[in-house]
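Below you'll find the structure, written out as structure tokens, and then a few comments.
The values are calculated or read from the model by the stated rules, or taken from the named source; none is laboratory data. Treat the numbers as computed from the prediction; the structure is a model and nothing was measured. Reconstructed Cβ throughout: ideal geometry from the backbone, glycine too, with neighbour counts over all protein chains shown. The area values use the complete protein model at the heavy-atom level, side chains included, leaving out ligands, DNA and RNA. Shrake-Rupley method; radii C 1.70, N 1.55, O 1.52, S 1.80 Å.
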Amino acid sequence: MKRALGVCYYPEHWPEHMWADDAARMAELGITWVRIAEFAWSRIEPTPGHFEFGWLDRAIDVLARAGLKVILGTPTCAPPRWMLDRFPDMLALDASGHPRKFGSRRHYCFSHEGYRLASAEIAIVLGQRYGRDPRIHGWQIDNEYGCHNTILSYSDAATVAFREWLKATYGTIDALNNAWGTVFWSMEYDHFNQIDLPNLTVTQPHPSHELAFRRFSSDQVVAYHEAQVEALRALTDAPLIHNYMGRVLDFDHFDVGASIDIASWDSYPIGFLSDRLEGTTEHKQRYLQQGDPDMQAFHHDLYRAVGRNGRWWVMEQQPGPVNWAPYNPAPLPGMVRLWTWEAFAHGAEVVSYFRWRQAPFAQEQMHAGLNRPDNVPAPGFAEAKTVAEELVSMPEADTVAAEVALVFDYPSEWSWAVLPQGADFTYFRLMLDAYRALRKRGLSVDIVPSASKDLSRYKLVLAPGLACLPDALRLALADTTAIVGPRTDAVTRELVIPHPMGPDLPGFDCTVSQVESLPPGVKRPVDGGGNVLHWAETVEGNAEIALRYADGKPFEIRSGSLSYIAGWPDAALWDRLIVDATQRSGIETERMPDGLRRRGTSTHRFYFNYGPSTVEHDGMTLPAAGVHWVEK
Ligand code: GAL
């Protein structure tokens with residue numbers, strides 16, 4: 001694995017006389033990659049069909065002369081105003097039917113065929129000009145699909161495309177009526193053209209209808225994306241990349257990732273903690289200036305799975321306070337360095353900071369960069385420099401072969417979002433809890449897709465909340481020590497309760513006969529320590545009972561090395577489950593002090609202190625935001 005630093009740069013925001021100095025300072029800092037142009041459509045094609053390449057040619061030239069490798073973005077997430085004159089109906093509509101208007105970015109509906117074609121066309125124009133240009137070392141397609149809640153669109157274009165999708169998926173209207181169970185409330189359809197999008201209904205829409213719309217919407221992203229992939233493939237051999245976003249789950253990243261070369265994601269640890277993570281006030285205060293200790297690592301491991309052959313980057317790394325979360329504190333000194341090294345320890349090839357210089361204007365004028373708007377280095381600059389210096393003496397290293405896998409499945413997120421049954425049941429949250437429990441025992445984890453067929457290289461596999469188990473995975477779970485449940489294999493692909501009721505596990509007699517959701521603060525104690533929160537199940541069958549609720553009802557039932565857990569464990573109960581399962585499967589663990597995390601590479605073991613104070617562990621002393629590595 002080769003590791004390098006990058007930066008996001010917007011030459012179109014700055015006078016041209018600054019470019020050469022910017023490029024020289026980037027190189028001097030130790031940066032080797034620079035991403036440009038992903039929002040520059042209005043400068044590349046100021047009026048329809050009239051292209052201005054002069055400035056872009058010169059910017060590329062200046063950057064390349066300084067020794068930087070350029071990643072060129074297709075600018076399709078920010079179509080210029082004239083595009084709307086061309087396609088007045090290209091905007092997405094929100095669930096209340098209101099247009100998501102021009103004036104920011106991502107103002108397009110994935111189902112609009114005219115815009116999809118226009119996006120492929122600009123990719124072709126750029127590919128023809130720069131596809132074989134040796135200064136261009138990679139392409140970013142669009143920018144952060146799904147950011148700002150932009151996957152689900154209730155437009156006319158989406159309605160027409162959804163009906164086509166349903167026809168192709170179900171063949172006949174009778175098949176759809178049967179699969180969904182539309183007889184309920186007389187929702188039966190006579191033909192596909194009667195089916196609307198599942199918004200503006202009097203009460204909850206039919207869940208199978210909603211889930212179908214989620215699947216369709218994900219497929220529309222894939223189709224939109226592949227139109228650009230196809231355009232560029234013919235014109236360049238440089239790798240194609242997309243930058244995904246943290247906890248944006250409305251489309252299947254594995255499906256988007258299948259056609260490109262490198263997965264990347266945009267890591268804003270402090271923004272995420274404030275903006276998109278559940279957690280107690282105490283947790284949020286403790287990690288206020290560091291970010292949650294598992295959120296970044298989770299996504300690193302997820303995108304290693306999404307990237308072809310495990311290739312992944314951090315395309316945007318938070319360098320200081322962001323502007324978009326409810327509260328925007330500065331990183332604790334040392335955190336920019338810590339986040340960067342953590343990404344490398346998980347296998348990132350490149351970590352690229354967002355952005356070179358803070359913009360003095362527009363929506364992100366309060367968002368830090370490596371440099372201030374007046375071009376004086378901001379605090380993140382020195383930390384990036386430290387990493388660059390440290391990288392020089394680090395050997396190349398591969399990612400470690402993890403012994404533990406966590407199965408991640410986007411349709412499960414959609415299924416439980418459609419039918420949560422309890423306000424706190426969120427698939428992602430359950431997954432992060434499981435992942436956190438593994439990490440607190442010092443384990444390196446691989447995240448794997450639910451399409452996995454062979455998990456025999458893992459000693460332990462966790463698949464909580466996996467709504468509908470694919471057959472291959474069902475069998476693969478039998479080859480290893482595994483923990484599934486709660487809510488694993490509970491519904492069909494259509495979001496219908498199967499007959500016989502689930503879960504259907506190899507060699508296992510088990511039926512979940514009743515489920516309960518629990519409000520905040522309610523705990524169901526488990527014999528010997530720990531509690532169930534949020535979600536409790538009653539299971540029947542004659543499988544071995546490994547753990548019981550305090551009231552005697554089964555909690556963990558087991559057949560061979562496969563366990564089903566009938567409830568959502570709190571941290572203490574997860575820990576008991578992990579300790580027991582790792583002992584049974586012969587995995588060594590190491591209990592991490594609060595806030596300390598570790599991750600191995602093939603050559604080193606890294607320790608990261610996310611906690612706000614110094615930690616002593618195993619002969620090491622790590623200050624807050626400290627990073628420590630030892631050779632294995
Ligand atoms: C990302 C986006 C960037 C910038 C950044 C600010 O979501 O890709 O363009 O907006 O957030 O944190």
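Brief remarks follow.
- Alpha carbon convex hull of the range 1-146, projected area averaged over orientations, nm²: 10.1
- Entry comment: accessible area of the chain is 38 Å² per residue, from protein heavy atoms only and a probe of 1.4 Å.
- Taking every alpha-carbon pair under 8 Å whose residues sit at least 6 apart, the range 1-99 reaches a relative contact order of 30 percent.
- Taking every alpha-carbon pair under 8 Å whose residues sit at least 6 apart, the chain reaches a relative contact order of 11 percent.
- For the peptides 343-352, 525-534, the ranking by mean Cβ contacts within 10 Å, running from highest to lowest, is 343-352, 525-534.
- Selection from GLN583, HIS191, PRO411 lying farthest towards where the dipole of the chain points positive, charges on Cβ: GLN583
- Burial ranking of peptide ranges 34-40, 13-19 (average Cβ count within 10 Å, highest at the top): 34-40, 13-19
- Charge context of TRP414, other residues only, Cβ under 10 angstrom, K/R +1, D/E -1: -3
- Portion, in percent, of the accessible area of the chain that falls on carbon or sulfur, probe 1.4 Å: 51
- Gap separating the Cα centres of the range 205-280 and the range 427-456, nearest whole Å: 20
- In whole angstrom, the chain maps to an equivalent ellipsoid with semi-axes of 40, 33, 20, each derived as √(5λ) from the alpha carbon gyration tensor and ordered largest first.
- Extended-chain gain in nm, criterion 0.36 nm per residue less alpha-carbon gap, GLU230 and VAL183: 12.7 nm
- Projecting the Cα positions of TYR115, ALA179, ALA238 onto the charge dipole of the chain (unit charges on Cβ atoms of Lys, Arg, Asp and Glu, taken about the Cα centre) puts ALA238 furthest along the positive direction.
- Taking the inverse of the mean reciprocal distance over all distinct Cα pairs, the Kirkwood hydrodynamic radius of the range 562-628 comes to 13.9 Å.
- The charge dipole of the chain, taken about the Cα centre with unit charges on the Cβ atoms of Lys, Arg (+1) and Asp, Glu (-1), comes to about 1100 debye, rounded to the nearest 20.
- Label-point separation in nm, ALA20 to THR280, each point 7 Å along Cα→Cβ: 5.9
- Computed over the range 314-415: relative contact order in percent, which uses C-alpha pairs under 8 Å that are six or more apart: 27
- With the simple spin-label model, which puts each label point 7 Å out from Cα in the Cβ direction, the THR538 to THR614 separation comes to 5.6 nm.
- Distance between modelled label sites at TRP324 and GLN194, nm, 7 Å Cα→Cβ extension: 4.2
- Hits among lysines - C-alpha to C-alpha of LYS523 under 24 Å, sequence gap 8 or more where chains match: LYS284, LYS440, LYS553
- Placing unit charges on the Cβ atoms only, positive for Lys and Arg and negative for Asp and Glu, gives the range 46-163 a dipole magnitude near 260 debye about its Cα centre.
- Distant alpha-carbon pairs in the range 412-526 (separation over 26 angstrom), percent: 20
- Between TRP341, VAL322, GLY567, the Cα set farthest toward the positive side of the dipole of the chain (charges on each charged residue's Cβ, about the Cα centre) is that of TRP341.
- Centroid-to-centroid separation of the range 510-588 and the range 598-630 [C-alpha atoms, Å]: 32
- Taking 0.36 nm per residue of separation and subtracting the Cα-Cα distance, full extension of the segment from LEU117 to THR47 would add 23.5 nm.
- Looking at the chain alone, DSSP beta bridges between its own residues are antiparallel in about 45 percent of cases.
- Computed on the Cα trace of the range 353-475, the radius of gyration divided by the Kirkwood hydrodynamic radius gives Rg/Rh = 1.15.
- Contour excess over end-to-end distance, with Cα ends at VAL496 and THR172 and 0.36 nm allotted per residue: 114.7 nm
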